[in-house]
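Report on the following structure.
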């Protein structure tokens, strides 16, 4: 009886503890969803005249742009960050804590957000999943990012030791990443061994030779090719028109297909970081830098690894800088910069300005 009681008490205690842990984990988090729709960017009219003088309007007409968002977040702000909206909608609530290696509070912070949208006729999805645990001496972080329009897709898990000295934070550890075959250009590789028209002929396009008699003297003064798509529809009157307006879309599909067939690549990298944060009512500065200087390839075809296609070791890095300064009671200046260079992908944003408040 005593043994049964102890087992029951142990299980009940663990259940309460787990419920408390789950409750604490989600405490202060926000679940949000939103939808935004707007008219597309106006496209300049594009008229095309065939060799036979037939006029066609090739203006691209886009359907309306939209973004639908679903997410949950628990990310603490720095003191210089103001809450932008009474409600979260996932559209403008970016925060420095997601980019800096050290957050403002100890414990767990997280973000999970999924966007489905359309921009200028292109369907896309964006996903970001972020989890960080910060303690006095350690940092653990996991992140997955997929940006459909920028074709950025990677996962990163890192573990670091942390040294906090005054307003400075130093950290060092290792990071494991899964990513696409960045640095490899399938179409460039293909064209180094094949003619450009081989690719489109293999997909069912057909080119037809024709002569041009400019002065109607029954003598061919020039020649060209018109192109038919796989359905037999005429899509271009000249080679130049085909390469300018049709070929880019074929190349994009070819590159995407080859990249998808290569799968994901895995690497382990050393990572070091430094963060500096100072805040007062009239002046604040926050800067951070993370550097990944050395890498080991662990999975995927090494022939297409970034080390092989880029010609050796490389240095990835990310950083940012925030400065705000109130110059007296009326004037103020600010600047915010974020930059990330991973493999051959560069993502950055810069904002700066001057505020004057009338009194």
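Please treat every number below as a calculation from the coordinates, not as lab data. Predicted model, so just to flag it, every value in this text is computed and none were measured. In this analysis, Cβ positions are derived from the backbone assuming ideal geometry, glycine residues included, and neighbour counts consider all displayed protein chains.
Taking neighbour counts of Cβ atoms within 10 Å as a proxy for exposure, in what order, fewest first, do 237, 301, 260 appear?
260, 301, 237
Fewest first, what order do 77, 244, 177, 128 take by the number of other Cβ atoms within 10 Å?
Final ranking by Cβ density, sparse to dense: 244, 77, 128, 177.
So how far, in whole Å, is the C-alpha centre of the stretch 152-209 from the one of the stretch 247-285?
Computed from Cα coordinates, the inter-centre distance equals 9 Å.
Within a 10 angstrom radius of the beta carbon, how do 315, 347 rank from fewest other beta carbons to most?
If I rank by nearby Cβ atoms, fewest first, I get 315, 347.
Classify the stretch 186-254 from the C-alpha gyration tensor, please: rounded if a/c falls under 1.5, else prolate or oblate depending on whether a/b exceeds b/c.
Values: a/c = 2.74, a/b = 2.01, b/c = 1.36.
Prolate.
Once you order the gyration tensor axes a ≥ b ≥ c over the Cα atoms, which shape class does the stretch 133-203 get: rounded for a/c under 1.5, otherwise prolate or oblate by comparing a/b with b/c?
Details: a/c = 4.64, a/b = 3.69, b/c = 1.26.
Here the stretch 133-203 falls in the prolate category.
So if R0 is 35 Å, what FRET efficiency would residue 64 and residue 331 give, r being the distance between their Cβ atoms, rounded to the nearest 0.05?
According to the calculation, E is roughly 0.25.
Calculate the FRET efficiency for residue 223 and residue 39 from the Cβ-Cβ distance with a Förster distance of 35 Å, rounded to the nearest 0.05.
Result of the calculation: an efficiency of 0.20.
In whole percent, what relative contact order does the stretch 186-254 give with Cα contacts below 8 Å and a gap of six or more residues?
Working: 73 pairs, mean separation 16.7, N = 69.
Rounded, it is 24 percent for the stretch 186-254.
If you take the beta carbon distance between residue 131 and residue 212 as r and set R0 to 51 Å, what does 1/(1 + (r/R0)^6) give as a FRET efficiency, to the nearest 0.05?
Once the sixth-power term is evaluated, E becomes 0.20.
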